[in-house]
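What follows draws every value from the coordinates through simple rules; no lab data is involved. Quick caveat: nothing in here was measured; it's all calculated off a predicted structure. Here the Cβ positions follow ideal geometry from the backbone for every residue, glycine too, while neighbour counts run over all protein chains shown.
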Amino acid sequence: MAIQLAELAVRYGCELHGDPDTVIKQVGSLETAVDGSISFLANASYRKHLAGTAASAVILREAFVPECPTACLVADDPYLVYAYIAADLHPASEPAAGIHPTAVVGSGTRIPDSCEIAAGAVIGNNVNLGERVYVGPNSVLGDDVEISTDSRLAANVSVCSGVRIGERCLFHSGVVIGADGFGIAQSPEGWVKVPQVGAVVIGNDVELGANTTVDRGAIDDTVLGNGVKLDNMVQIGHNVIIGDHTVMASQAGVSGSTRVGARCVIGGKAGIAGHLEIADDTVVLGGASVSKSIVRPGMYSSVIPAEEAGKWRRIVGRLKRLDDMAGRLKALEKRFNKKDTGSN
Amino acid sequence: MAIQLAELAVRYGCELHGDPDTVIKQVGSLETAVDGSISFLANASYRKHLAGTAASAVILREAFVPECPTACLVADDPYLVYAYIAADLHPASEPAAGIHPTAVVGSGTRIPDSCEIAAGAVIGNNVNLGERVYVGPNSVLGDDVEISTDSRLAANVSVCSGVRIGERCLFHSGVVIGADGFGIAQSPEGWVKVPQVGAVVIGNDVELGANTTVDRGAIDDTVLGNGVKLDNMVQIGHNVIIGDHTVMASQAGVSGSTRVGARCVIGGKAGIAGHLEIADDTVVLGGASVSKSIVRPGMYSSVIPAEEAGKWRRIVGRLKRLDDMAGRLKALEKRFNKKDTGSN
Amino acid sequence: MAIQLAELAVRYGCELHGDPDTVIKQVGSLETAVDGSISFLANASYRKHLAGTAASAVILREAFVPECPTACLVADDPYLVYAYIAADLHPASEPAAGIHPTAVVGSGTRIPDSCEIAAGAVIGNNVNLGERVYVGPNSVLGDDVEISTDSRLAANVSVCSGVRIGERCLFHSGVVIGADGFGIAQSPEGWVKVPQVGAVVIGNDVELGANTTVDRGAIDDTVLGNGVKLDNMVQIGHNVIIGDHTVMASQAGVSGSTRVGARCVIGGKAGIAGHLEIADDTVVLGGASVSKSIVRPGMYSSVIPAEEAGKWRRIVGRLKRLDDMAGRLKALEKRFNKKDTGSN
């Protein structure tokens, strides 16, 4: 795909500096871009690479135009404009319509001609696929699964029975949707499994990273709203409900029956306990542990940045004796107050 | 499946209030149950949904009978009785006996006629399956694997060579059993792999969540006792031994050669270091880091609940200077004692 | 495989005590070894098992020779010598050359006769494999993948298009290489996907544990150096660069664009934030959170060992009020100083 810079400027409403006929064929980073590439400057820490870039054009904020050695597009949000242009230059491949002869398809299943079912895929009974759905090699869909138009499953994805998936979703390899939630009841003879009879319902434009897992509901469904984006190895417990446009970075986890609001940003390795409510627009920083509901949107954290280990050991030692320290401080205050009073 | 309420009351020894002929067809939550459903009230925070429930019957403790607008079964442990009744109403499907024509089976392998080997499954040589074992689509069993009666592997499960699995186990999609443990020895030229020649031995009634991994032993075996239940993405290192009926929530991890006792409850994201011994009946709360053996059963934690980020930053700043604070407190005590003494 | 002890002593330059004709057939642990086994003593906590061992030979340090009841090999680093000998006794199986009839191979793909492509494997177009590459059952290679000689992929591995893998690598089941990085840009209508057009480049002798994920670069490539060893469920974000011989234990994670130096050791569950630089030879202890670049190699930690939960709750209470405590201490110091001055 090759596009003239002038065309990109018009398409995304950017002011253009430099030669409007510049031909853009691909994206590149400021540091390694070659001729014919378009790059962007969003994070100020990469500004040092601007002056020396070999990109043919750069998307940047107005303030950086004077430093730019090549053509540029001016945008308030260079990263967003970059996202659009990168998608123009590198469009996702269209499904190659057809069902591979090694794929296995159950009975009562509806697969439009525009779908691609790759080699080794196994699709259960009474499955219903929309137009242009792509099911990658060796992925497995259980019975009664529904997937809407233009959704794509990479290789080795597992979608269990009864899961419903919206339009334009993208699930990466190793994703497991609809496995049983962790429902067990204690008995004198050990733990008794609680059947997990709910399903998973996933909205439109949802992206799930590699090896992410979303459990089916115990009774009612687990729900991911529209535009939800989960990174790799995120765990979503049974009956969790995640609001529209909420994103979670890798290795985050949400325990059962918690409701996470819309437009939340949950950092990597953050953990949210079960049966909580997290307000819309909440930000949980990476590694934080949320054990109570969050009513007021804002930014939350409980992570401690790493220290040199010897110093850290001493801090932990002090921490473990904080109670003692507090007691001594109180005693001192008391003695001081008494003495103070006494000496007057 | 439809069962009369009277029959359920007898089966599980519950007192029945209301019409014994009530027909129960399915489970439902208090909030969303429809006619013909049985629900339960175990967690007091759901009590608010009792008065308005449309369930045909509810399992609950005696104290809640007066508030129940419909028929009910009285039980000391409503969740446990619910687990049994839900299993009656929603029994796990029986394997559809047979080997799918696209499955691949090695030589010397014994598969009883009652087993179901799904499409795309690959089973190695000298594998030995018990009656009614189910191997899901695209799952892979290495050579010399043994799986006992009534165990079920979902889609895309990987069981490596020599692994032995008990009866009535259930492994969800993406589970990997018997991959090499993380055994490496340092040499001047870099890390040298230590062959992992042990196996994994798994007891009866073990459930493993989606994408959970259990490594094979370095020399001796990794062992999961009877009734062990692991949630999604739990990591079990080589030569770990887990006692009977111990459960772990998602994203927990146990490092190599640690012995976890029986009936332990390990919370989500908890980490247990290597070469430790954890006493029977120990509870480790979610997110805690266990770095020493636990001799005395009890409840253990080291997780800090998230705070508003600005406040948390100040706390961390204080924490990092605790040593200084302790020193100042000590100095103050000294001066005070001296002064005190001096002024007498 | 059977080898005389004298031969092993010569091969690895060890002093031999006992019968040089002792025949060694396998490895064993001190505790459970049977006749014909060689064991080792490296970790002092296993010394208690030395006197009673039934191993035919033990690899140990000179200091332990007097306690050894059987033949022994003396080594400065018994674990390293054990690693070499274990590999001699238990060599990895050679690929059984050939392409299984159920495997699917794309066009333009080059597979040397010495390779083994197992049942159900799916290999894309224009893939290039070196000699003796093994692709396990139901593993999937996208288009344009390159894998060099003697590398091995276990069952159910996913390698996305354009990934390049060096020699003698070993990827365990469930590994996903080259899925899209987590690149999203905020727009008024929700998150917009940023195409991930970089690849993943993996050096020689890299081992990746079960269900580990390595994302493809956003523009440039994600890079793992030679000799890198990652345990299970490790997450490597897009554009991360990991230096040679760095190792990471299970459930560790590195966020996008971070450069981890050579010969680093990253503990289990440790998290490293994005856009950082970690110096060569840095050790990050298990569970630590690294949120700033590390310039000085050394050992870093931020993990708090678990406490009895009641005591821990009190500590957390104190921690959350540290600011108040610091203020009171300061006030006390002030009053004391004033009084001290005033009373002179």
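What order, most packed first, do the peptides B:270-280, C:62-72 have when packing is the mean number of other Cβ atoms within 10 Å of each residue?
Details: B:270-280: 20.7, C:62-72: 15.7.
In descending order of packing, they fall as B:270-280, C:62-72.
Can you give me the relative contact order of chain C as a percent, contacts being Cα pairs under 8 Å and 6 or more apart?
Averaging sequence separation for qualifying contacts and normalising by length gives 6 percent for chain C.
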Seminar exercise, completed: Checked against the positive end of the charge dipole of the protein assembly as shown (+1 on Cβ of Lys and Arg, -1 on Cβ of Asp and Glu, about the Cα centre), the farthest of B:162, A:17, A:163 is A:17
Exercise. What is the dipole size for the protein assembly as shown, taken about its Cα centre, with +1 at each Lys and Arg Cβ and -1 at each Asp and Glu Cβ, in debye to the nearest 20?
Worked result: 6060
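Compute the Cα gyration tensor for the stretch B:187-227, then decide on rounded, prolate or oblate, letting a ≥ b ≥ c be the square roots of its eigenvalues: rounded whenever a/c is under 1.5, prolate when a/b is larger than b/c in the other cases, and oblate in all that remain. The partial results should precede the final answer.
Values: a/c = 5.58, a/b = 2.22, b/c = 2.51.
In terms of gyration-tensor shape, oblate.
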Problem set entry | Principal axis dimensions, largest first and in whole angstrom, of the stretch A:136-182 by Cα | 30, 18, 17
Problem set entry | Length-normalised contact order for the stretch C:236-316 - Cα pairs under 8 Å, 6+ apart - percent | 22
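Assuming a viscosity of 0.692 mPa s and a temperature of 37 °C, what translational diffusion coefficient in µm² per second does Stokes-Einstein assign to the stretch A:246-309, Rh being the Kirkwood radius over Cα pairs? Walk me through the numbers before you get to the answer.
Working: Rh = 11.6 Å.
D = 283 µm²/s.
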Problem set entry | Isotropic mean projected area of the C-alpha convex hull, the stretch A:232-344 (nm²) | 10.7
Exercise. How many times 2.2 N^0.38 Å is the alpha carbon radius of gyration of the stretch A:196-252?
Worked result: 1.02
Seminar exercise, completed: Checked chain B with the C-alpha gyration tensor, a ≥ b ≥ c its square-rooted eigenvalues, rounded below a/c of 1.5, otherwise prolate if a/b is larger than b/c and oblate if not; verdict oblate
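Based on the Kirkwood radius over alpha-carbon pairs, what value in µm²/s does the Stokes-Einstein equation return for the translational diffusion coefficient of the protein assembly as shown at 25 °C and 0.890 mPa s? Present the calculation step by step, with values, prior to reporting the outcome.
Numbers: Rh = 30.5 Å.
Roughly 80 µm²/s, to the nearest whole number.
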Problem set entry | Percent of Cα-Cα distances greater than 11 Å, calculated over the stretch C:167-214 | 73
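Place a +1 charge on the Cβ of each Lys and Arg in the stretch B:207-344 and a -1 charge on the Cβ of each Asp and Glu, then give the dipole magnitude about the Cα centre in debye, rounded to the nearest 20. Can you show the working numbers first?
On the way: 19 positive and 15 negative charges, 263 e Å.
The dipole of the stretch B:207-344 has a size of about 1260 debye.
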Exercise. Put a point 7 Å out from Cα along the line to Cβ at residue B:323; what are the distances to that point in the other copies, in nm, shortest first?
Worked result: 2.5, 2.5
For this session: At 7 Å along the Cα-to-beta-carbon direction for both residue A:313 and residue A:47, put a label point, then send me their distance in nm to one decimal.
Result: 4.2
Exercise. Just going by the charge dipole of chain B, with Lys and Arg at +1 and Asp and Glu at -1 on Cβ, which of B:72, B:275, B:96 is farthest out on the positive end?
Worked result: B:275
Problem set entry | Unit charges on C-beta of K, R, D, E only; dipole of the stretch B:148-230, Debye | 120
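From the C-alpha gyration tensor of the stretch B:121-205, pull out the three semi-axes of the equivalent ellipsoid (sqrt of 5λ each), sorted largest to smallest, in whole Å. Please list the in-between numbers first.
Details: eigenvalues 159, 31, 25 Å².
After diagonalising the Cα gyration tensor, the semi-axes are 28, 12, 11 Å.
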For this session: Report, for the protein assembly as shown, the % of DSSP beta bridges that are antiparallel, rounded to 5.
Result: 15
Problem set entry | Fraction of antiparallel bridges per DSSP, the stretch B:62-197 only, in percent to nearest 5 | 15
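Please compute the contact order of the stretch B:168-276 in relative form: average sequence separation of alpha-carbon pairs under 8 Å and at least six residues apart, divided by the residue count, as a percent.
Working: 350 pairs, mean separation 22.3, N = 109.
After rounding, I find 20 percent.
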Exercise. Per-residue HN-Hα couplings for the stretch B:246-260, Karplus 6.51 cos²θ - 1.76 cosθ + 1.60 at θ = phi - 60°, whole Hz, x for Gly and Pro?
Worked result: 7, 10, 9, 7, 4, 6, 6, x, 10, 7, x, 6, 7, 10, 9
For this session: Working from the alpha-carbon coordinates of the stretch B:1-154, get Rg over Rh, Rh being the Kirkwood radius.
Result: 1.20
For this session: Please list, in chain and number order, the residues 5+ apart from residue C:102 or on another chain whose amide H is under 5 Å from its amide H, with Hs placed from the backbone.
Result: C:120
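Only bridges whose two residues both fall in chain B count here: according to DSSP, what percent of them are antiparallel, nearest 5?
Numbers: 9 of 73 bridges.
Percent antiparallel among DSSP bridges in chain B is about 10.
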Problem set entry | Reachable aspartates and glutamates, given that their alpha-carbon falls under 13 Å from the alpha-carbon of residue B:311 and they are not under 8 places away in the same chain | C:323, C:324
For this session: Would you give the gap between the C-alpha center of the stretch B:269-344 and the C-alpha center of the stretch B:76-155, rounded to a whole Å?
Result: 48
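For a quick check: sort C:172, B:238, B:245 by the number of other beta carbons within 10 angstrom, fewest at the front.
So the ranking, lowest neighbour count to highest, is B:245, B:238, C:172.
Is the shape of the stretch B:1-48 best called rounded, prolate or oblate, per the rule: a/c under 1.5 gives rounded, else a/b larger than b/c gives prolate, else oblate, with a ≥ b ≥ c the square roots of the Cα gyration tensor eigenvalues? Numbers along the way, then the final one.
On the way: a/c = 2.23, a/b = 1.41, b/c = 1.58.
It is oblate, given that a/c is not under 1.5 and a/b is not larger than b/c.
For the stretch A:61-146, what does the convex hull of the Cα positions come to per residue, in cubic angstrom? Each step should come with its number before you reach the end.
On the way: hull volume 11.2 nm³, N = 86.
For the stretch A:61-146, the hull spanned by Cα atoms encloses 130 Å³ per residue.
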Seminar exercise, completed: When the charge dipole of the stretch B:174-314 is computed with +1 at the Cβ of Lys and Arg and -1 at the Cβ of Asp and Glu, the Cα pointing farthest to the positive end, of B:226, B:256, B:291, is that of B:291
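Here are some pairs, A:193/C:269; A:25/C:193; B:339/C:334; which of them have Cα atoms lying more than 23 Å apart in this structure?
Details: A:193/C:269 29 Å; A:25/C:193 19 Å; B:339/C:334 15 Å.
Checking Cα-Cα distances, A:193/C:269 exceed 23 Å.
Would you work out the Kirkwood radius for the stretch B:152-292? I mean one over the mean of 1/r across all pairs of different Cα atoms, in Å.
One decimal place: 14.7 Å for the Kirkwood radius.
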Seminar exercise, completed: Residue-ordered couplings for the stretch B:153-162, obtained by feeding phi - 60° into the Karplus form 6.51 cos²θ - 1.76 cosθ + 1.60 and rounding to whole Hz (Gly and Pro as x), are 10, 6, 6, 6, 8, 10, 10, 7, 4, x
For this session: Describe numerically, in nm with one decimal, the distance between label points set 7 Å from Cα along Cα→Cβ at residue B:54 and at residue A:32.
Result: 5.8
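So for the stretch C:17-77, what are the equivalent ellipsoid semi-axes in whole Å, largest first, each being the square root of 5 times an eigenvalue of the Cα gyration tensor? It would help to have the intermediate numbers written out before the result.
On the way: eigenvalues 50, 35, 19 Å².
Rounded to whole Å, the semi-axes are 16, 13, 10.
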